[in-house]
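One structure is given here, and the rest of the page talks about it.
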Amino acid sequence: MTIRLKPLLINLFIPLAVGGLSALLTMNSMESFEKINQPPLSPPGWLFPVVWTILYILMGISAYLVTTSSATDKQKRNAFIVYGTQLFFNFLWSIIFFNREDYLFAFIWLIALWILIIANIVLFYRISKPAGLLLIPYLLWVTFAGYLNFAIYLIN
């Protein structure tokens, strides 16, 4: 398989840009976040940007595999509608949680994101098994984030 550089870079850029913009819009609220009660298993703050960068890269590679697949335009369009929707939900979750500090609504929003990620995995997997599998770490991290989010809601 030959790597097509332009589609790869575009597909990497999109989730990294979404994550970067989200981080930029929420960076001032990280100080207040560090002051709230944290549940057991809360990772150190420095770990979040590292994990998210890796996850956004995996999303980009996954999207690239779908983009360059032999799937029909309709299959790709449907998969990318869900992909774009889950990226939008991902972006807004950070603002709801960190900027608005609305932990219950953020948790409900995260459940919707979790469902969208599962749908995204299924649609990408049907087009390219590796593309679907590359999104599983994202689902696992969002599941862990759900635990943290709900626990923070309960103890704060």
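Rule-based calculations on the coordinates, nothing more; no lab input. This is a predicted model, so every value here is computed, not measured. All Cβ positions, even for glycine, are placed from backbone atoms using ideal geometry, and neighbour counts span all protein chains on display.
Kindly count the pairs of lysines across the stretch 1-141 whose alpha carbons are less than 25 Å apart, treating pairs on different chains or eight or more residues apart as eligible.
Here the count comes out as 5.
Place a +1 charge on the Cβ of each Lys and Arg in the stretch 1-77 and a -1 charge on the Cβ of each Asp and Glu, then give the dipole magnitude about the Cα centre in debye, rounded to the nearest 20.
Approximately 440 debye in magnitude.
Please get the size of the charge dipole for the chain, origin at its Cα centre, with Cβ charges of +1 on Lys and Arg and -1 on Asp and Glu, quoted in debye to the nearest 20.
With only Lys, Arg, Asp and Glu charged at Cβ, the dipole is about 700 debye.
List, in order, the whole-Hz ³J(HN,Hα) value for each residue of the stretch 14-19 obtained from phi through the Karplus relation with A = 6.51, B = -1.76, C = 1.60 and θ = phi - 60°; use x for Gly and Pro.
Result, rounded to whole Hz: 4, x, 5, 5, 4, x.
For the stretch 84-94, just list the computed ³J(HN,Hα) in residue order, Karplus coefficients 6.51, -1.76 and 1.60, θ = phi - 60°, integers in Hz, with x standing in for Gly and Pro.
Rounded to whole hertz, the list is x, 5, 5, 5, 4, 5, 4, 4, 6, 4, 4.
Assign one of three labels to the stretch 83-135, namely rounded, prolate or oblate, based on the Cα gyration tensor with a ≥ b ≥ c the square roots of its eigenvalues; rounded applies when a/c is under 1.5, prolate when it is not and a/b is larger than b/c, and oblate otherwise.
Because a/c hits 1.5 or more and a/b exceeds b/c, the stretch 83-135 counts as prolate.
Classify the stretch 1-58 from the C-alpha gyration tensor, please: rounded if a/c falls under 1.5, else prolate or oblate depending on whether a/b exceeds b/c.
Working: a/c = 5.42, a/b = 2.25, b/c = 2.41.
It comes out oblate by the Cα gyration axes.
So if R0 is 22 Å, what FRET efficiency would GLU34 and TYR147 give, r being the distance between their Cβ atoms, rounded to the nearest 0.05?
According to the calculation, E is roughly 0.75.
Taking the Cα centre of the chain as the origin and placing charges on Cβ (Lys, Arg +1; Asp, Glu -1), which of ILE136, ASN11, VAL66 is farthest toward the positive end of the dipole?
It is VAL66.
Highest mean first, what order results for 143-149, 3-9, 104-110 on Cβ atoms within 10 Å? List each step's numbers first, then the result.
Values: 143-149: 16.4, 3-9: 11.3, 104-110: 18.3.
Averaged packing, sorted descending, gives the order 104-110, 143-149, 3-9.
Determine ³J(HN,Hα), in whole Hz, for all residues of the stretch 35-43 in sequence, where each value follows from phi through the Karplus function 6.51 cos²θ - 1.76 cosθ + 1.60 and θ = phi - 60°; x replaces Gly and Pro.
Each residue of the stretch 35-43 in turn: 8, 7, 5, 9, x, x, 6, 5, x Hz.
Cβ under 14 Å from ILE127's Cβ, ILE127 left aside: what net charge do those residues give with Lys, Arg +1 and Asp, Glu -1?
Summing Lys and Arg as +1 and Asp and Glu as -1 gives +4.
Would you mind giving the three semi-axes, in whole Å and largest first, of the ellipsoid equivalent to the stretch 1-129 according to its Cα gyration tensor?
Ellipsoid half-lengths, sorted descending, are 30, 16, 12 Å.
Apply 1/(1 + (r/R0)^6) to the Cβ-Cβ distance of LEU47 and ALA112, taking R0 = 35 Å, and write down the FRET efficiency to the nearest 0.05.
According to the calculation, E is roughly 0.90.
Hey, what number do you get for the chain at 222 nm if only DSSP H runs of n ≥ 4 count, each worth -39500 (n - 2.57), divided across all residues, to the nearest 500?
-26000 deg cm²/dmol
Above 23 angstrom, tally the Cα pairs of the stretch 66-156 and express them as a % of all pairs, no decimals.
29 percent
Based on the alpha-carbon gyration tensor of the stretch 42-116 and its eigenvalue square roots a ≥ b ≥ c, which shape applies: rounded if a/c is under 1.5, prolate if not and a/b is larger than b/c, or oblate?
Values: a/c = 3.55, a/b = 1.66, b/c = 2.14.
Since a/c reaches 1.5 but b/c is at least a/b, the shape of the stretch 42-116 is classed as oblate.
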